[in-house]
Each structure stands twice: as C-alpha cells, then as structure tokens.
1. Please enumerate, by chain and number, the lysines with C-alpha under 23 Å from the C-alpha of Lys169, excluding those fewer than 8 residues away in the same chain.
2. Starting from the Cα of Trp66, step 7 Å along the direction of its Cβ; do the same at Glu148; then give the gap between the two resulting points in nm.
3. To the nearest 0.05, what FRET efficiency results for Val211 and Lys50 with a Förster distance of 30 Å applied to their C-beta separation?
4. How far apart, in nanometres, would the label points at Val196 and Thr93 be if each is projected 7 angstrom from Cα along the Cα-to-Cβ direction?
5. In nanometres, what is the gap between the two model label sites at Glu76 and Ala139, each 7 Å from Cα along Cα-to-Cβ?
Amino acid sequence: MSLKKQFALTLASVGIGAALIGGGTFAWFNTKTDITGNTFAAGELKLGAKPATGVINVGDIAPGDWVVKSFDLKNEGTVGIKQLLTGVNYKVTYDHEGNENYQDEFGRYLKVYYLTNVDETKPFQITDYAEVIGNGPFAKYQGKTLEEWKNIGQLDISTLYESKLGGFKPGDTDKITLAIQFVDDSNDQNRFQKDVLDLTLNIEGKARDGVQQ
C-alpha cells in the first residue's frame, strides 16, 4: 500500500471515530430534592383607640376653662410601630345669631397641650406639667390652637412618649392625655356663645424599621 493510501485511510479512521464520539451517549449519576412550603406573609399594622368615640364631649365651656381627657392607644397589629403622628380636623357650627359674620372662629381660641403621667385624682393645674410642656423636641407644639394644629398637619408625638419610641410592640398600650384650654382674651367673647366644635383626631402609626428575619 502506498504512503498516500495509508495516510488517507488514517484520516478516514479518525473521522469515523470523531463521528462516533459526537453521536454517542453518556450516563452520569444525578439527584434532586425540592424544598416546599415556603411562604411570605405580610404583617398587619393596626392601631386601636379606647374609647374610639366621644373622648372629648364638653358642654357649657366658658373662656378660661380647662378640659383634660385621656384615651388609650393599642398596637392591635402584628408589626411594631416606631412613630405616632396626630392631626386634627374639625367643623364649627355657628349657633349664635350673627356669628357666621365673624372672621375668627372657635378653633382659634382652643389651645392644646399633650401631657404625660396625669394624676386624674386631683384637680388639673397646667403648672404641674411645666416640665412636660416646656422641654423636649415637642415643646414648640405645645399650646398651639386647634386652627394652628389643623394648618400644620400631622405632629409627631413619638418624642413626647419616649417610652414607646422605636418600640410600640404588638399588644402594647399607651395612654394619650390632652389638656385643652378655652382661651380668655379679656375681651368680649359673646360671639362664641352656643358655638359647637366637632373635633376629629387623626392618629397614624408608622411601622418599625426593617430587620433581618
């Protein structure tokens, strides 16, 4: 056999071998497993108030009078709350003849103070709470009128109730106490006689910061 024929036969053999390799099949060991039952359930953010209605129902209030009212806030959800925000809405019913002609309204003469640790067994004195009113980040909001508060929008009361700041956990309850003063401006205030102010407190809780679960 000539050298040229031998070389051709060798190339043919290599080609056949490559074809067999390319078209062949291989077997290997393999195993699998599935991890099932994985769920992500979002928690519930829910604030409850007790009582939820009629916290401040006052009749026959006169200039210079004080009103102190409390209610409980409870975290009824499953997620912690780090921030409590409050706002107000109100409507004034002008019951006194000619009252609707006045530019000022009842909400301009009702000042609001947030208090802590109120002793409800003794008469209220604003001087007893000078430290609460005069100190801390919230102090600049103390003594604002309802009209001012309404225009400001939401106020963050978390800095006032520091015991719950960053940790109003599910099931926790905190008492919120308001003192409201009908301001006596030493002038004729007959225009307010029989006026009725219908007040709604809007309270919002912000969820805690995210954590590794």
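Just so you know, all these numbers are worked out from the coordinates, no wet-lab data involved. On a predicted model such as this, the values are computed, not experimentally measured, just so you know. Neighbour counts are summed over all protein chains in view; Cβ atoms, including those assigned to glycine, are modelled from backbone coordinates with ideal geometry.
1. Lys46, Lys50, Lys74, Lys82, Lys206
2. 1.8 nm
3. Values: r = 29 Å, r/R0 = 0.96.
Once rounded, the FRET efficiency stands at 0.55.
4. A separation of 0.2 nm, rounded to one decimal place.
5. If labels sit at Glu76 and Ala139, their model points lie 3.7 nm apart.
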